[in-house]
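The block underneath contains the structure these notes are about, expressed in structure tokens.
The values are calculated or read from the model by the stated rules, or taken from the named source; none is laboratory data. Every value quoted in this text rests on a predicted model; they were computed, and no experiment measured them. Here the Cβ positions follow ideal geometry from the backbone for every residue, glycine too, while neighbour counts run over all protein chains shown. SASA here: full protein model, heavy atoms, side chains in, ligands and nucleic acids out. Shrake-Rupley method; radii C 1.70, N 1.55, O 1.52, S 1.80 Å.
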Amino acid sequence: MMGYENQESHLYASKEEMESLVLDDDSPNGTSHPFSDPLSSSSSLPFAEIPTDQGQTPNSSFNSILEPPSYAEAIFRSFDADHSSPQLNGAHDHSIASPSSPPSSDDFLTITVSDPQKEQELSNSLVPGGTAYVTYLITTRTNLPEFDGTEFSVRRRFRDVVTLSDRLAESYRGFFIPIRPDKSVVESQVMQKQEFVEQRRAALEKYLRRLAAHPVIRRSEELRMFLEANGKLPLVRTTDVASRMLDGAVQLPKQIFGETAGGMVDANEVAQPAKGGRDLLRIFRELKQSVSNDWGGVKPPVVEEDKELLEKKQKLHDFEQQLSNVSQQAEALVKAQQDIGETMGQMGLAFVKLTKFETERAVYDSQRTRAADMKNVATASVKASRLYRELNAQTVKHLDKLHEYLGVMLAVNNAFSDRSSALLTVQTLLSELSSLNSRIEKLEAAASKIFGGDRARIRKIEELKETHRVTEDAKSSAVREYERIKENNKNELARFEKERRDDFLGMLRGFVVNQAGYAEKMANVWETVAEETKGYAKHGS
């Protein structure tokens, strides 16, 4: 969910003040009662291990008015901790990986990003610090045969990650490739801030771990070179869009007037989308085909006939909308739990002050008794506040899966866009072939009416036939690329459905178990206070 990572940092305005309080424990030995897993009657999970201090007496001083052990010193455990064992990313780690099918329980690919260092670009700049950048130490441990070793480290900058992402997008069209972190538009201004550097380090580590969890990407040559090659990244950087468009603008007049063979479509180029390429003529042709498909009233030469895919795309579109709504409600839940925990803590602090006031000015035993009872309420309130904070951390941990899947949906949409782009290329080339056939037929008919033939027309016919041959080869290549992307989409959808089911089951289980567990702990806290105040009810009656 959006901003979940920032919730824990400001859960309580007076967190330090509450943490300084020393609280009574619920049980004589200082250990919490075990919580029975509501989803499994045969298992029970300990909530926390709480140290005790046998040497301190309850009434030694007012500073000890809330006696040890302290919940601030408790070693908290998630109620569902025993149900999920830590595993290496790239093997079966759903908590950090985008949906992927584990290739083998024996294979592992572990990636960590650490030790950010500021470095200076080896170029002249008039702006002080304008050429500074940060590199990160990327450490890999693996037993995959595609790699040359089992443990190695390299230094990479964010620009290298962008290059890796671009290369993967070109080589693995139709796959659900994890989305890389965005490049900040104000990066040069905030690079000096340690907080920004740490956020980027964490984002890069998460991204690389998601790549490592993908059953195909993890074995790719691009990822291997990124993780293993020392020194400068050997992957070729993508030329920026402005440079590509400029090159295309220079070639366009020659293509239009036939001064070069640029009017022909390269069979190798059609394996990549036209958008952002150097061939402006191809971009214009595909744009024309797209407009014709939408508004021309003429059925395209080939259409998407996979009804099952179209149905799945619509279902995924609806799923994404519902996911966004649930994510927003989950954020509201986190905020509500934060607010009630903070309010409970403030109430506990208020009762602590009132208890101190009553104790210092107590003259009669009834006043001291009243102060002791208020102390119990203060203790329960602060305990409940801390339990809410722990519960909120677990809620963020589990429901953040919703936010992760919003990012996964971007990868899904990109894969479907690859398919649509490839289909548009096929449609455009088929239209070009139809147009070439028509022109050849007209020229042949006109040339046949002239005795001895028209040499100019015959030469033009030969040129068009050569263009037709090249375009036919390009069409065949485009069809193969389209079929390959279709197969990739099919396999990825099957993997996505399985992983989504497993991930959401784990998310809901963890969420429910922790809600029930912490609710039981809070109920125990207040039940103790209620038991202690039974006397008031009897006295009042």
Check: Which three extents, in whole angstrom, do the alpha-carbon atoms of segment 426-541 cover along their principal axes, largest first?
Finding: 126, 26, 13
Check: Nearest 0.05, what FRET efficiency do PHE357 and THR139 give at R0 = 41 Å with Cβ-Cβ as r?
Finding: 0.10
Note to self: Taking the full set of protein chains and a 1.4 angstrom probe, give the accessible area of ASP306 in square angstrom, rounded to the nearest 10.
What the structure shows: 50 Å²
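How would LEU464, LEU333 line up by accessible area, probe 1.4 Å, largest first? Mind dumping the intermediate values first?
Working: LEU464 10, LEU333 60 Å².
The residues order as LEU333, LEU464, largest area first.
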Checklist line | Nitroxide proxy distance, nm - points 7 Å out along Cα→Cβ at ARG370 and ALA336 | finding: 3.7 nm
Item checked: Label point 7 Å beyond Cα of LYS465 along Cβ direction - residues of segment 416-442 with amide nitrogen under 12 Å -> 440-441
Next item on the list: Show LYS521, LYS356, LYS206, LYS193 ordered by accessible area, largest first, where the area counts protein heavy atoms only and the probe is 1.4 Å.
Entry: LYS193, LYS356, LYS206, LYS521
Note to self: With every protein chain left in place and a probe of 1.4 Å, what is the accessible surface of GLU119, to the nearest 10 Å²?
What the structure shows: 60 Å²
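Would you kindly state how much longer the chain becomes between SER448 and PHE319 on full extension, computed as 0.36 nm times their sequence separation minus their alpha carbon distance, in nm to one decimal? Don't skip to the end; give the middle numbers.
Details: separation 129, 0.36 × 129 = 46.44 nm, distance 6.15 nm.
Full extension of this stretch gives 40.3 nm more.
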Item checked: Gap separating the Cα centres of segment 470-520 and segment 410-429, nearest whole Å -> 17 Å
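What FRET efficiency would be calculated for the residue pair ARG219, LYS490, taking the C-beta separation as r and a Förster radius of 30 Å, to the nearest 0.05?
On the way: r = 20 Å, r/R0 = 0.65.
Result of the calculation: an efficiency of 0.95.
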Check: When all alpha-carbon pairs of segment 428-482 are counted, what percent fall beyond 20 Å?
Finding: 32 percent
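Multiply the residue separation of LEU309 and ASP148 by 0.36 nm, subtract the distance between their alpha-carbon atoms, and state the gained length in nm to one decimal.
Values: separation 161, 0.36 × 161 = 57.96 nm, distance 3.95 nm.
Gain on extension, LEU309 to ASP148, equals 54.0 nm.
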Margin query: Among the listed pairs LYS313/LYS335; LYS315/LYS401; LYS193/LYS383; LYS307/LYS465; LYS193/LYS498, which have their C-alpha atoms separated by more than 31 angstrom in this model?
Written below: LYS313/LYS335; LYS193/LYS383; LYS307/LYS465; LYS193/LYS498
Notebook entry, point to check: With every protein chain present, what accessible area does MET507 have (1.4 Å probe, heavy atoms only), rounded to the nearest 10 Å²?
Noted result: 10 Å²
Next item on the list: Using just the alpha carbons, could you tell me how many Å³ per residue the convex hull of segment 372-486 encloses?
Entry: 103 Å³
Note to self: For a quick size check, give me the Cα extents of segment 472-535 along its three principal axes, largest first, whole Å.
What the structure shows: 94, 14, 8
Next item on the list: Could you work out the equivalent-ellipsoid semi-axes for segment 303-380, taking the square root of 5 times each eigenvalue of the Cα gyration tensor, largest first, in whole Å?
Entry: 61, 9, 5
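So between LYS193 and LEU508, what do we pick up on full extension, going 0.36 nm a residue minus the alpha carbon distance?
The LYS193-LEU508 span can extend by a further 109.7 nm.
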Checklist line | Mean Cβ count within 10 Å, highest first, over the residues of peptides 412-420, 442-450 | finding: 412-420, 442-450
